[in-house]
Amino acid sequence: MDGSEFLVIGGGVAGLSAGAWLARHGRVAVLEGEAALGYHASGRSATFSHYGIGNALVRALTAHSRPFFLDAGADVLCRRSSALFVATEEMRGALEALERDMATHTGALAWVGEGEMRRLFPPLRTGAGAIVAGLLCPDGLRLDSDAMLQAFARSIRGAGGAVLTGCRIVGIDRLGDAWTVATGSGRRWTAPVLVNAAGAWADAVAALAGVAPLGLRPLRRTIVVVDPPAGADVRGWPFVKTAVDDFYILPESGRLMASPVDEVEADPCDARPEEYDVALAAWKVERYTTLSVARIAHRWAGLRTFAPDRSPVAGFDPRAPGFFWLAGQGGFGLQTAPALAEAAAALATGGGWPAGLAAAGITPLQLAPERLLNT
């Protein structure tokens, strides 16, 4: 039987980032069921960090995580890229509210007119019945998800820990003061602290451990890749998103990646794009831009898992000693991972609450699983 101080289930960005922080306090073992790290949500993200997603807590976590990405050095974990938030006449109020929310964290916002929006993103459809207002934020970051995952894994291994793939969990038991996890290969792992960072499977992992679920909801989102206008160099184009959650589009390897911002109820699974959702994505590309979608170059889907209040969960379950939840990162897991990992390490080790998190207005109570019990 293999022992450690912290046993993490889930090799996505949540589990690996938390493992990297926890490795400063004791031996960590991360168990991932798939053959590759970040196989599900972490590897299927749009990888763009911005303040136009989530609630106030998510924005604070995003802001607190930003220095981690930038301090790694130019193009190591991220590169700077602008975000353009746009609105039809019906969305104008939502765009104004978004400006107020984002202004808490960035003073670099600028209203732009139709001509400037088309200069920034030439195929954007503007005018009556289309986009009439835009808010430019130059503080966006395009994240390198694979570089992040590998950097966290190296930190864990460098501290003497283990990061293992292909470890399907078939049983979890509480024996004395420790949790014991059995894998399908017959190998067993034990630790006093079990971190449940299993993403869409987090409630299922809890059930294996005999812990009642929190009501986490996996929601499928579809992304397509389409061709830009002939001869266009899209490398400097911004990430573009509607003020309400209806559409986004951004450059991707010389093409354009777009999503209808769909949220379809799904069971935990290896998500695949449905034909209707792909068609919806193509229709929205043509609705919000002047592009004609003659073909879909690539398509995929991923599961974004939310707690009922759409805030992430980090903390010990009061009903199960040593069982630690790290779940519900929705579509903002990459951009909030450093802050959530710092918070998780403080909570899991009983250390003092980090001053930086406190200064950002982030409290343990906002993350605690207790808030979701008996609701």
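No value in this document is a laboratory result; all are computed from the given coordinates. The model shown is predicted, which means the values in this text are computed figures rather than measured ones. Note that we place each Cβ from the backbone using ideal geometry, even for glycine, and neighbour counts take in every protein chain shown.
Residues whose amide H falls under 5 Å from that of Arg27, counting only those 5 or more places apart or on a different chain, are Glu5, Phe6, with hydrogens built in the peptide plane. Taking the Kirkwood radius as Rh and the Cα radius of gyration as Rg, the range 1-71 has a ratio of Rg/Rh equal to 1.03. Separation of the range 166-230 from the range 66-139 is 35 Å, based on Cα centroids.
Counting only alpha carbon atoms, the long axis of helix 333-349 and the longest principal axis of the chain meet at about 20°.
Using just the C-alpha positions of the chain as equal point scatterers, what log10 of I(q)/I(0) does the Debye formula give at each q in 0.07 1/Å? With one equal scatterer per Cα and no solvent, log10 I(q)/I(0) is -0.31. Across the range 290-336, C-alpha contacts under 8 Å between residues 6 or more apart give a mean separation that, scaled by the residue count, equals a relative contact order of 33 percent. The magnitude of the dipole of the chain, with charges of +1 and -1 set on the Cβ of Lys/Arg and Asp/Glu and taken from the Cα centre, is near 520 debye. Using θ = phi - 60° in the Karplus curve 6.51 cos²θ - 1.76 cosθ + 1.60, the 3J(HN,Hα) couplings for the range 311-323 round to 10, x, 10, 8, x, 6, 6, x, 8, 9, x, x, 9 Hz; x is entered for Gly and Pro.
Computed from Cα atoms, the angle from the helix 13-22 axis to the main principal axis of the chain rounds to 50 degrees.
Please list, by residue number, every one of the trypsin sites (Lys or Arg not before Pro) in the range 25-77 that is coil in DSSP and has at most 10 other beta-carbon atoms within 10 Å.
Details: sites: Arg27, Arg44, Arg59; in loops: Arg27.
Answer by residue number: there is no such site.
Phi-derived couplings, Karplus 6.51 cos²θ - 1.76 cosθ + 1.60 at θ = phi - 60°, listed residue by residue for the range 182-195: 10, 9, x, 7, x, 7, 10, 10, 9, 6, x, 10, 10, 9 Hz, with x used for Gly and Pro. Each Cα pair under 8 Å and six or more residues apart adds its separation to the average, and for the range 297-375 the resulting relative contact order is 31 percent. What's the long-distance tail for the range 65-213, i.e. % of Cα pairs beyond 19 Å? Cα-Cα pairs of the range 65-213 separated by over 19 Å account for 70 percent.
Taking Cα pairs under 8 Å and at least six residues apart, what relative contact order does the chain come out at, in percent?
Details: 839 pairs, mean separation 88.8, N = 375.
Averaging sequence separation for qualifying contacts and normalising by length gives 24 percent for the chain.
Between 0 and 90 degrees, the angle of helix 92-102 with respect to the longest Cα principal axis of the chain falls at about 50 degrees.
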